[in-house]
Amino acid sequence: MGDQAVPPKGNVLGSLVPARYILAVLGSIGMAIIYGLKVNLSVAMVAMLNHSALAHSSAPVHEMTEMHSTEEVCGQSGNSTEAVEDGPFAWSEPLQGTILSCYFWGYFVSQIPGARIAESLSAKWVMFFSVFINVICTLLTPVAAELHYGAMIAMRIGEGIGGGVTFPAMHVMLASWAPPNERSVMSAIVYAGTALGTVISMLMAGVLAGSLGWESVFYVMGGLSCIWLVLWVCLVQDSPNKQALISAEERSFITSSLGTEGGSGHGGPKPAIPWKKVFTSAPFYAILIAHVCNNWGWYMLLIELPFYMKQVLQFNIKENAVVTAIPFLTMWFFSMALSKTLDALRARKKINTTIARKTATLIASFIPMCCLLALCYIGCNRGAAVALMTIGITSIGGMFCGFLSNHIDIAPNYAGTLMAITNTAATLPGITVPIFVGQITHGNQTIGAWRVIFFVTIGLYIIEMIGYTFLGSGEEQSWNKGDKTNNGAVENGEAEATPLNTKETKTNYTNQEE
């Protein structure tokens, strides 16, 4: 009550632009910054490495490999006459994998503490400090790289610590701001920023590294990101009841649809997390399986795609940046269209939330799996490879309105913590993928080596499809109200969810959503 803001008279911004979409757009830009500053190293590293020294040091291994797979090494592309200028660092493939993966060491440890702070104190400020830490570490990266690769690793771990809290913080924000029938669209707007940030980062990094040197990648992108910090502080609040820049009509619409009228919508004590019921809940495990398996494919394409395009298909750095960025742009458009379509079908009661989440998740796993399978057998056909990767990456956009939104459906009170748990587990692929790829391809940059990598990814996509299809649910679970309210729920005619049971419970909140 005490935190409730009184809508100011003559609020021009709030009457012209819905405050919830200001939040969604700025949240999307924030996610774009986090992902942009994460993946820029994947492109910049191509210009940072001394390829001549690395080729010389791995020559004996190549000689051994050629006896087995000489036919699997692609020649230069017809328009790749531009040679890549050698950079100053002779980092081996395993060290490259370590530098790329160490981001996730910090990412791994920060998520659950960050989620609890966001739920208990302020998701707005958790998100702010997440971007702030990434900006500082990015600006210091060139100095750290020149100093020692150990300092470079420290900067990446710092970025990971900041990046780890973004998804939990934004889940908390969405749980307070997104009306149920707009949840898919708002979630897709926010989380599709990861794809948009990837596009912008890859294109900018390629151009900057090729024109102004690899150092400019970090200075320019880190500097521009400072603008967001100011906008976020001025325009965003934790909940509609704390937001001054909002119309009275919009505040009433959001709070009534979420049942948070008269309160802060974010603050105040929440029921203790019923850990036992969480960890015996089939819908929770469905999200966990999907998140881990899909993230393996996501990070495979996000982190390793530039290296596959450069080292196997022999694209030069500028071609590489364009070819690897375009699919993430189409992903952004596709995720927007899919989320809007699914929300419209739900609003018309053509489908329920469960079907919407499972449909989006199936699209995000089955189509990339088929594309990777085809990629294993097309050899050095660069045009077909680009087409397949574009289709595969585009379809992964279904995850934003699929399992990534599902935490809010099953337990809005604990959405940040549930996201932190599944995203922490899903961080393991981020740590493993670069090291795994580095070991498989060390001195063996051939299609045969990458075929092994792709088949492992295909296997995990199959596990994701089976697990989420059979265990997933879009309905709020009875344990969302905490242990203390279970008796009351039964008295009101609400059936308590059976552990490891996909029976969909009906609550007042769910009825509003449908």
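Here are a few things to note about the model shown:
- Some residue of the range 182-199 being in contact with a helix residue (DSSP H, G or I) (Cβ under 7 Å, 6 or more places away or on another chain), more than 25 Å from Pro113 (Cα to Cα), assigned by the TED database to the domain that holds Ser120 and among the acidic types (Asp, Glu): yes
- Among residues of the range 240-256 that are assigned by the TED database to the domain that holds Leu174 and more than 16 Å from Leu23 (Cα to Cα), those with a Cβ under 6 angstrom from a residue that is open to solvent by 10 Å² or more (accessible area, probe 1.4 Å) and outside any helix (DSSP H, G or I), sequence gap 6+ or separate chain, pair up as Ala248/Pro7.
- Those residues of the range 142-195 which are over 15 Å from Asp409 (Cβ atoms), in contact (Cβ under 8 Å) with a residue 12 or more places away in the chain and of a type in the set (Val, Ile, Thr), in sequence order: Ile153, Ile157, Ile161, Val165, Thr166, Ile189, Val190, Thr194
- Any hit, the range 26-34, residues being crowded, with 16+ Cβ neighbours inside 10 Å and modelled with pLDDT under 80: no
- The numbered conditions (1) closer than 25 Å to Gly114 by Cβ; (2) open to solvent by less than 20 Å² (accessible area, probe 1.4 Å); (3) of a type in the set (A, V, I, L, M) are all true for Val437 except (1).
- Flag if Ile410 is surrounded by fewer than 21 Cβ atoms within 10 Å (Cβ to Cβ) and either under 16 Å from the mean Cα position of the chain (by Cα) or in contact (Cβ under 8 Å) with a residue 40 or more places away in the chain (or both): no
- Residues (among the polar types (S, T, N, Q) and open to solvent by 10 Å² or more (accessible area, probe 1.4 Å)) located in the range 370-399: Asn381, Thr390, Thr394
- Residue in the range 424-433 that is part of a loop (DSSP other than H, G, I, E, B) and either open to solvent by less than 20 Å² (accessible area, probe 1.4 Å) or outside the structural domain of Gly106 (by the TED database) (or both) present: yes
- Residue count, the range 337-367 (criterion: open to solvent by less than 50 Å² (accessible area, probe 1.4 Å), in a helix (DSSP H, G or I) and not hydroxyl-bearing (Ser, Thr, Tyr)): 10
- A count restricted to the range 200-218 and to residues that are surrounded by fewer than 24 Cβ atoms within 10 Å (Cβ to Cβ) and assigned to a helix (DSSP H, G or I) stands at 9.
- Number of positions in the range 158-188 that are among the hydrophobic types (A, V, I, L, M, F, W, C) and either under 22 Å from Val322 (Cα atoms) or under 12 Å from the mean Cα position of the chain (by Cα) (or both): 4
- Top-ranked residue in the range 226-273 [being modelled with pLDDT of 80 or more and hydroxyl-bearing (Ser, Thr, Tyr); ranked as nearest to the chain's Cα centre (by Cα)]: Ser239
- Residues that are touching a residue at least 24 places away in the same chain (Cβ under 8 Å) and within 30 Å of Ala53 (Cα to Cα) were ranked within the range 450-482; the one that is surrounded by the fewest Cβ atoms within 10 Å (Cβ to Cβ) is Arg451.
The values are calculated or read from the model by the stated rules, or taken from the named source; none is laboratory data. Every value quoted in this text rests on a predicted model; they were computed, and no experiment measured them. Heads up, the Cβs are rebuilt from the backbone with ideal geometry, glycines too, and the neighbour counts pull from every protein chain shown. The accessibility values were calculated without ligands, DNA or RNA, using every heavy atom of the protein model including side chains. Shrake-Rupley method; radii C 1.70, N 1.55, O 1.52, S 1.80 Å.
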